[in-house]
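The values are calculated or read from the model by the stated rules, or taken from the named source; none is laboratory data. Everything numeric here is computed off the predicted structure, so don't read it as measured data. FYI the Cβ positions are ideal-geometry reconstructions off the backbone, even for glycines, and counts take in every protein chain you see. Note: accessible area is taken over every heavy atom of the protein model, side chains too, but ligands, DNA and RNA are not part of it. Shrake-Rupley method; radii C 1.70, N 1.55, O 1.52, S 1.80 Å.
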Amino acid sequence: MDQGKEEDQSENGTGQNSKRRKPFHYSSIPTYIQDEGRVQTPIETHTAANYSRYRYYSKLGHHQDSTLAIPDHVLPSYIFTVNVPFQSAIRDSEGKQNSLVTIFSIWNTMMGTSLLSIPWAIHQAGLAMGLFLLVAMAGITLYTCYRVVQSISKEAGSAGMMEFSDVCRSYLGRWGEIISIIFSLIALFGAMIVYWVLMSNFLFSTVSFIRGEIDDTMEDHNGTSVRCDSPMSFVVLFFTESSVNATSDVFDKVWSKTHTVPFFLLLFIAPLINFKSPTFFTKFNALGTLSVAFLLIFITIKASEWGINIDFANQDAVSYVSLFDVHFPALSGILALGYFIHNCIASIIRNQRNQQNNARDLTIAYILVAVTYTFVGLLFYITFPEKKDCIKDNLLDNFYPSDILSFAARLFLLFQMITLFPLILYIIRVQVMDPIFKSAYPSVKHVFVLNALLLSICVVFAIFLPKIGVIIRFSGAFCGLAYIFTLPCLVYMIDLHRQVLTVLRLQCAMFAILSASIRVKICKQGPPDLPILIITPLRSSVLITKFLCLAMNHVQLSGILIKDPKPNSLA
């Protein structure tokens, strides 16, 4: 203790001994390098000495004079650090993100499986009606999402981090929070089922392609040829595939798209969904951007090969296109889910560096999403070489398994969905378990039962209703009914009502104060004339002036009674 005290005194220059110089290998940097709060390996003495020497000589000379600077080729490799380009532009020292990252995050989150069904949905609505709905639904969902952002920002100012369900509880009570959670779960259930159907589809096509290449039994359909199967209901499709499997070889019986592949998929997914934290899978979020980019390139290449194939006049032509169709609600339902980001927008804008840019960034992101949907849907629809009725609700089903680009797109999307599916189930688990058991992971048994129930629902839909267009349109319509069109507008109207009531209370309070002051003046001096009362400093508010004018008659009458109280006293 005494030795330590003497060293402290010598270092501060207050002790009897003179300040001692540290040896050259003394490290003035921390013993451990900390990166984002994590302690790494300790710094070696030799490394610390070289680093101290480098800093010392760098400070001796002027910034423009490199005479005393150590040459780069002499420095050891551990002195250099990897500088990620644009890292400072992405996040600052506080972990806040700029507008570019916010816009990109919103775009990347909204780009999902709905993109595969847009061409089919445009055909259901007609070309003109489809383009109108793409723009109109983008505007409506942008406005309601902006209302969600505004309500969250207003409530979070005093309550910290909030979600829109918390805002619904603040404005609508407990039932508002329950409704918001239920319809948010409907959107997640729809995404979960669609993911399972698509993963079964992509897994079937991928394995079939590999098997055909190995056995050299794959038919060559490269070029401009596409599949044009007659549309069938899911009941006819189920029994048709059953009859085909009964007359096929062993591989086709074992490897069936709707009978066996949904069960084989359990072998890949079941071990991945019981983790307590899905942090590992969040590292693959960039695959969503890469898959969308590859899909855009794939459709552009195919469209350049096909050319424009539209005909508005001849209804018997192969390329006939209708401008309007009565089945347009299919597109509005798909777009309701395609533009849906209301339940997770709070998590994205929470790290925004400049909160005043939320409206601008949200608008730009929605414009980019609308442009992407319109580009994919319109380009595929007007260039499709066969009848437009042949367009599938999954546009990749219009290509044969032997098509190399479609095989790459399916394989890319399959890997992306396998990494994202556990995240969806984790969010569902949190929203179901946390309100009931106050924990997202109550026990292994609870999580196993919930996951078994969710996977059973997915398998049933993949077997009996493998139509992602139908699933997306109905889940989007149900969640959009409440979470997009009703709750944000209802919260906004309640907020306006509260503001009006607040203004009326302030005006009534001002009127009460002025009325009391006028009564005091009347009691002392008698009732003033009406024109004098009108000339008051109340011209700034028309409503208060009306209130005062109505009250003046009452003031004058009561003033008369106060001024001449003799009849009352005599009585």
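Hey, what D do you get for the range 287-397 in µm²/s if you plug the Kirkwood alpha-carbon radius into Stokes-Einstein at 37 °C and 0.692 mPa s? Rounded, D is 197 µm²/s. Measuring how big the range 118-181 is from its alpha-carbon positions, Rg and Dmax come out at 16.8, 48 Å.
For the listed peptides 479-487, 436-444, a ranking on the average number of other beta carbons within 10 Å per residue, highest first, reads 479-487, 436-444.
I'd like the FRET efficiency for Val503 and Phe415, computed as 1/(1 + (r/R0)^6) with the beta carbon distance as r and R0 of 56 Å, rounded to 0.05. Computed FRET efficiency for Val503 and Phe415: 0.50.
In this calculation the C-beta distance from Val318 to Ile457 is compared with R0 = 35 Å, giving a FRET efficiency of 0.30. Ordered from largest to smallest accessible area (heavy atoms of protein chains, 1.4 Å probe), the residues Val194, Val470 come out as Val470, Val194.
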